[in-house]
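Worksheet: one structure, shown below.
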Amino acid sequence: MRKKIVAGNWKMNTNLQEGIKLAKAINEKLTTKNCDCGTTGVVIAPPFSHLYAINEVIDSDKICLTAQNCAAEEKGAYTGEISAEMLKSIGVKAVILGHSERRAYYGEISETLLKKVKLVQKNGMKPIFCCGEKLEEREAGNHFKIVENQIKEVLFELSAKDFENSIIAYEPVWAIGTGVTASAEQAQEIHAFIRKIVADKFGQELAEKKTILYGGSCKPSNAKELFAQKDIDGGLIGGASLKADDFFGIIEAI
Ligand code: 13P
């Protein structure tokens, strides 16, 4: 049985007071105790500035507290950076890495991401590794190759044991924040492809266990159809994770 996850990526939204309110509302709505970032789980990834305070108001057995990024270095003279160890020390359990916004606006490349993944795991947390193609790459028919390379250059550099301790999120760039969702068929097709390359690399058994999330304009109205696909194991939600009712609607869909 594969683990199902609904993860909310708040991006650079909410001030501290709004963030605490949102986290409390989500926490109150959840009745099932289901956080382990690897089993059926609810994940929220607020901004760095909110993590400590939010950890104080949520039940860690209901919600898995996650960060949106971390430094590629362990510690030292890296002004403005937040290390994996710092995140671990305030109760963070997982870290989103390789989001397309970080790749596009902050020049993150596979080499940096591999360092980050390793540091996250070294500190006992789980990387939620994002991959996905741009519109022009899909239109040119290159989406399979792009996604394969993104995964190969980072996650396939890990041992099977470390790879097992990761979550993959497929987020087509053209679907992020655009209101255009990949159709259930388009998403299923690439999720199945990802599972196949995982099977080729690490074997069928591990591939069957791997949680692969879909992200990109996922909302309560389309979540059910997406999550019904054989290889889609939940969602990484942006905009719709900022309203407790919408986020809860997506959780209910799973
Ligand atoms: P939206 O749900 O706003 O399209 O964002 C998806 C995303 O980027 C989650 O990481």
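Overview of results
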item	result
Rel. contact order, % - alpha carbon contacts under 8 angstrom, at least six apart, the chain	20
Highest to lowest packing among 123-135, 83-95, 193-205, scored as the average C-beta count within 10 Å	123-135, 83-95, 193-205
Over region 36-86, relative contact order from alpha-carbon pairs under 8 Å, at least 6 apart, %	34
Size of charge dipole - the chain - debye, nearest 20, with Cβ of Lys, Arg +1 and Asp, Glu -1, no other charges	420
Relative packing of 146-155, 212-221, which averages over residues the other C-beta atoms within 10 Å, highest first	212-221, 146-155
Listed residue (Gly216, Ala182, Gln204) projecting farthest to the positive dipole end of region 180-219, Cβ model	Gly216
Among Asn55, Asn165, Asn13, residue whose mean-square fluctuation peaks in a GNM of the chain (springs only between Cα atoms under 10 Å)	Asn13
Residue order, fewest to most beta carbons within 10 Å, for Thr178, Thr66, Thr211	Thr178, Thr211, Thr66
Spacing of the two label points (7 Å from each Cα toward its C-beta) at Ala228 and Ala192, in nm	1.6
Shape call, the chain: gyration tensor on alpha carbons, a/c limit 1.5	rounded
Length gained when the stretch Met1-Tyr52 is fully extended (0.36 nm per residue, less Cα-Cα span)	15.1 nm
Added length on full extension, which subtracts the Cα-Cα distance from 0.36 nm per residue, Glu85 to Glu157	23.7 nm
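Where a number appears in this text, it was derived from the coordinates with a stated rule and is not lab data. What you see is a predicted model, and the numbers here were worked out from it, not measured in a lab. No Cβ is skipped: glycine too gets one built from the backbone with ideal geometry, and neighbour counts run over all protein chains shown.
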